[in-house]
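Okay, structure first, notes after.
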Amino acid sequence: MDPLKIALFLAAFGLLLVIARALARAGESRIDSTIPPSLDTSPVAGNKPTNQESPALTGAEFGMPIPLPPVERMEDGSFNRPIVTNYYFGKIDLARGPADPACFHDEFFLEVQDPETQARWTNKCTVVTPAGLTQIMNENKFDSVYMDETVVIVARWDLSLILKTVIEEATKVYRSRDGDSEEPARV
C-alpha cells in the first residue's frame, strides 16, 4: 500500500470524525443556570403568537431564571439531581406568559438527563391557577375533577416559582428512585 494513500485516508477519516462530533454537540441543548433571575418574565397579552410574532420560546432559548445547585456525586455514588436540559409549556410562551396571569392552565414539560447514564426523559405536569381550574370546570360543566396526573396549582403566573416547584419534585423523585430500576424516575 502506498503510504500517501493511507495518510490521506486517515486525514479524511479524522476530519469526518471532527465534523460528526461538532454536529452532535450542536444538537444538544443546555441551559445556562448562571443567567441572573432579573430577566423580565412579566406576562403580556396573548397565549399564542400571531403570524407576525416569533414562536414560543423554550427554556433552552429563554434561560434558567432560578439558581440551581451544581450537579454533584454524593458519597453513596449517586447524584444529587438530574441535569435540566430544557423546559417549556404546551401553549404558553415563557417570555410573554399567559394572557391572564391569574387564570390559566397548560401542560408543562421538564426535560432532564441522568448525569451518570446520560439517559434522557421528559416529565410532564399540568400547571393551573384556581381560577383556571374553575374555568375548566365551568366550560365542561364538571361538578368534580379527579386528577390522574401531576398537577401544580399556583396563585398566579410566576415562572420562577413554577420551575422551582417542578424541579424540586423531579429531584425528590430522582433521588428516591430504586437503584435496580432501568427506567428513569418520572414526575
Go through (1) surrounded by fewer than 16 Cβ atoms within 10 Å (Cβ to Cβ); (2) modelled with pLDDT of 95 or more and name the single condition E75 misses.
(2)
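Quick check on my filter: what residues within the stretch 107-126 are of a type outside the set (A, V, I, L, M), under 14 Å from the mean Cα position of the chain (by Cα) and either surrounded by fewer than 15 Cβ atoms within 10 Å (Cβ to Cβ) or part of a strand (DSSP E or B) (or both)?
Here is the first cut: in the stretch 107-126, the residues of a type outside the set (A, V, I, L, M) are 107-109, 111, 113-118, 120-126.
Going one step further and asking which of them are under 14 Å from the mean Cα position of the chain (by Cα), we end up with 107-109, 111, 113-114, 120-126.
Those that are of a type outside the set (A, V, I, L, M), under 14 Å from the mean Cα position of the chain (by Cα) and either surrounded by fewer than 15 Cβ atoms within 10 Å (Cβ to Cβ) or part of a strand (DSSP E or B) (or both): E107, F108, F109, E111, Q113, R120, W121, T122, N123, K124, C125, T126.
What about Y174, is it surrounded by 20 or more Cβ atoms within 10 Å (Cβ to Cβ) and farther than 20 Å from P65 by Cβ? Write out each step before concluding.
Working: surrounded by 20 or more Cβ atoms within 10 Å (Cβ to Cβ): yes; farther than 20 Å from P65 by Cβ: yes.
Answer is yes for this residue.
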List every residue pair whose Cβ atoms lie under 8 Å apart, where the two residues are 6 or more positions apart in sequence or sit on different chains, the first residue falls within the stretch 137-149 and is exposed (fewer than 10 other Cβ atoms within 10 Å of the Cβ), and the second residue, located anywhere, is among the β-branched types (V, I, T).
E149/T126
Which condition number does S38 fail, the rest of (1) modelled with pLDDT under 75; (2) farther than 30 Å from A102 by Cβ; (3) among the polar types (S, T, N, Q) being met?
(2)
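Check E116, E183, E168 and return the single one that is charged (D, E, K, R), within 25 Å of L68 (Cα to Cα), at pLDDT below 95 and not assigned by TED's automatic domain parsing to the domain that holds N80.
Numbers: E116 fails: not assigned by TED's automatic domain parsing to the domain that holds N80; E168 fails: not assigned by TED's automatic domain parsing to the domain that holds N80.
On inspection, the qualifying residue turns out to be E183.
I'm trying to understand the selection: among the residues of the stretch 91-112, which are touching an Asp or Glu at 6+ places or on another chain (Cβ under 7 Å) and farther than 22 Å from E168 by Cα?
Looking only at the stretch 91-112, we keep the residues that are touching an Asp or Glu at 6+ places or on another chain (Cβ under 7 Å), and these are 91-92.
Correct list: K91 only.
Please find, within the stretch 130-170, the residue that is farthest from R81 (Cα to Cα) out of those that are outside any loop (DSSP other than H, G, I, E, B) and of a type in the set (S, T, Y). Write out each step before concluding.
Within the stretch 130-170, the first condition is being outside any loop (DSSP other than H, G, I, E, B), and the residues that meet it are 130-140, 151-153, 159-170.
From what is left, the residues that are of a type in the set (S, T, Y) are 134, 160, 165.
Working: T134: 35, S160: 18, T165: 14 Å.
Residue satisfying both the conditions and the ranking: T134.
Answer yes or no as to whether A102 is part of a loop (DSSP other than H, G, I, E, B), surrounded by fewer than 19 Cβ atoms within 10 Å (Cβ to Cβ) and small (G, A, S). Can you show your working first?
Values: part of a loop (DSSP other than H, G, I, E, B): yes; surrounded by fewer than 19 Cβ atoms within 10 Å (Cβ to Cβ): yes; small (G, A, S): yes.
Yes.
This table checks each residue for (1) at pLDDT below 95; (2) assigned by TED's automatic domain parsing to the domain that holds M74; (3) within 26 Å of P67 (Cβ to Cβ).
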position	(1), (2), (3)
D93	yes, yes, yes
R96	yes, yes, yes
I136	yes, yes, no
S144	yes, yes, no
R156	no, yes, yes
Single match in D106, D100, D143, D93 (criterion: over 30 Å from E72 (Cα atoms) and either touching a strand residue (DSSP E or B) at 6+ places or on another chain (Cβ under 6 Å) or aliphatic (A, V, I, L, M) (or both))
D106
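The values are calculated or read from the model by the stated rules, or taken from the named source; none is laboratory data. Note that this is a predicted model, so its numbers are computed, not measured. In this analysis, Cβ positions are derived from the backbone assuming ideal geometry, glycine residues included, and neighbour counts consider all displayed protein chains.
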